[in-house]
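Colleague: Quick one: the structure is below, and I'll ask about it shortly.
The values are calculated or read from the model by the stated rules, or taken from the named source; none is laboratory data. Being a predicted model, the structure only gives us computed values, none of them experimental. Please note: Cβ atoms are built from the backbone with ideal geometry, for glycine as well, and neighbour counts cover all protein chains shown. For accessibility, only protein heavy atoms count, side chains too; no ligands or nucleic acids. Shrake-Rupley method; radii C 1.70, N 1.55, O 1.52, S 1.80 Å.
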Amino acid sequence: GAGIVLRNVPGLRTYVGEAVDGGSSAALRTCALALILARAGLGLDAAALKRLRWAAARLAAVPCLVEAGVVALIASRPFVFDFPAGWACLLGFVVAAVSPAVVVPSLLALRDAGYGTATGIPTLVVAAAALDDVLSLAGFGICLPFAVSSAARQGVLPSTAWAAAVRAPVEIVAGLLGAWLGSLVLRRFFVERRPTALRAASALMLVTLALTFSLKALGFSGAAALAALALAFLTGPLYKAAGAVLGELWSSVAQPLLFSLLGAAVDLDVIRGRDAGLGVAL
């Protein structure tokens, strides 16, 4: 709400909303998402995750693919947006992506209140949310060369379907491998230094952010989200005390900053009333 106001109210727009640097905003949003995913990873139940691993995969894949397909079908209709097939599929995967910043804090609050812990529901949904992001980003990457065919012809994007189709498994492997390597560093730090909760949280976030930005720089945005979650999960037994510090940092700093920056990216001047209404309905 505050970000949208700062971006669109005359006077404030020029001196505040439009003054936000796009690159810095993206970096801060990445930091906030890495923080909440690390917080979620520390709270995952290993036994529940092992028991519900296939349920998590189904919960990630089926709703993601169905929602993307339905949105793409509707968006391509002449009386809605009349998008070409490639652009309609891009929109489908954008809409289908789950926001960890919305889902994870709510689930952690329910878990802390004792709801669903016996059946492992918080662990199931958090794991599925991370996989859903990987699938959505991979689907977006597969559809992008078809939507922007000129970029594919110029070599900016993959021109062959198989190169884009292997993106999802590659991102999963890259995310898990990165998390495993990061966990080796954190385990050695813990054994040698025996850090306090604050220092443990600082070390965890330092490695998480280094891993997240490295994977994003390599073009693996989905792997970056999965790595942040998996790294905290792998180091959870040693870094459990860091969870309280990360939770306080999220609620007091990262959460309001994230949603303010997202709001500041919304320019109402470029949105037609009809398109806004159809988008909300969709």
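This table checks each residue for (1) assigned to a helix (DSSP H, G or I); (2) out of contact with any Cys (no Cβ under 6 Å at 6 or more places or on another chain); (3) without any contact (Cβ under 8 Å) to a residue 60 or more places away in the chain; (4) buried (at least 22 other Cβ atoms within 10 Å of the Cβ).
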residue	(1), (2), (3), (4)
Leu108	yes, yes, no, no
Ala118	no, yes, yes, no
Leu124	yes, yes, no, yes
Ala130	yes, yes, no, yes
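Residues are listed down the side, and each one gets a yes or a no for (1) over 27 Å from Leu211 (Cβ atoms); (2) in a helix (DSSP H, G or I); (3) more than 16 Å from the chain's Cα centre (by Cα):
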{"position": "Ala26", "(1), (2), (3)": "no, yes, no"}
{"position": "Arg39", "(1), (2), (3)": "no, yes, no"}
{"position": "Ala47", "(1), (2), (3)": "no, yes, yes"}
{"position": "Phe79", "(1), (2), (3)": "yes, no, yes"}
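Colleague: For Arg58, which of the numbered conditions (1) touching a residue at least 40 places away in the same chain (Cβ under 8 Å); (2) closer than 24 Å to Gly141 by Cβ; (3) part of a helix (DSSP H, G or I) fails to hold?
Modeller: (1)
Colleague: Give the range 74-89 a look and list any residue that's under 20 Å from Gly141 (Cα atoms) and either open to solvent by 70 Å² or more (accessible area, probe 1.4 Å) or of a type in the set (Ser, Thr, Tyr) (or both), or say none.
Modeller: Once the filter is applied, which keeps residues that are under 20 Å from Gly141 (Cα atoms) and either open to solvent by 70 Å² or more (accessible area, probe 1.4 Å) or of a type in the set (Ser, Thr, Tyr) (or both), the range 74-89 yields Ser76, Phe83, Pro84, Ala85, Trp87.
Colleague: Inside the range 162-196, can you point out the residues that are open to solvent by 40 Å² or more (accessible area, probe 1.4 Å) and among the small types (Gly, Ala, Ser)?
Modeller: Hit for the range 162-196 is Ala165, nothing else.
Colleague: Can you tell me which residue within the range 230-258, out of those that are open to solvent by less than 20 Å² (accessible area, probe 1.4 Å) and at pLDDT 85 or above, is farthest from the chain's Cα centre (by Cα)?
Modeller: Thr235
Colleague: Next up: Can you name the residue in the range 1-43 that is in contact with a Leu (Cβ under 8 Å, 6 or more places away or on another chain), among the hydrophobic types (A, V, I, L, M, F, W, C) and surrounded by fewer than 19 Cβ atoms within 10 Å (Cβ to Cβ) and is also modelled with the highest pLDDT among such residues?
Modeller: Looking at the filtered set, the residue picked out is Cys31.
Colleague: Does at least one position in the range 96-105 carry a residue that is open to solvent by 70 Å² or more (accessible area, probe 1.4 Å) and part of a helix (DSSP H, G or I)?
Modeller: Yes, the range 96-105 contains a residue that is open to solvent by 70 Å² or more (accessible area, probe 1.4 Å) and part of a helix (DSSP H, G or I).
Colleague: Restricting attention to the range 211-226, report how many residues are more than 12 Å from Asp133 (Cα to Cα) and either outside any helix (DSSP H, G or I) or touching a residue at least 12 places away in the same chain (Cβ under 8 Å) (or both).
Modeller: The total comes to 8.
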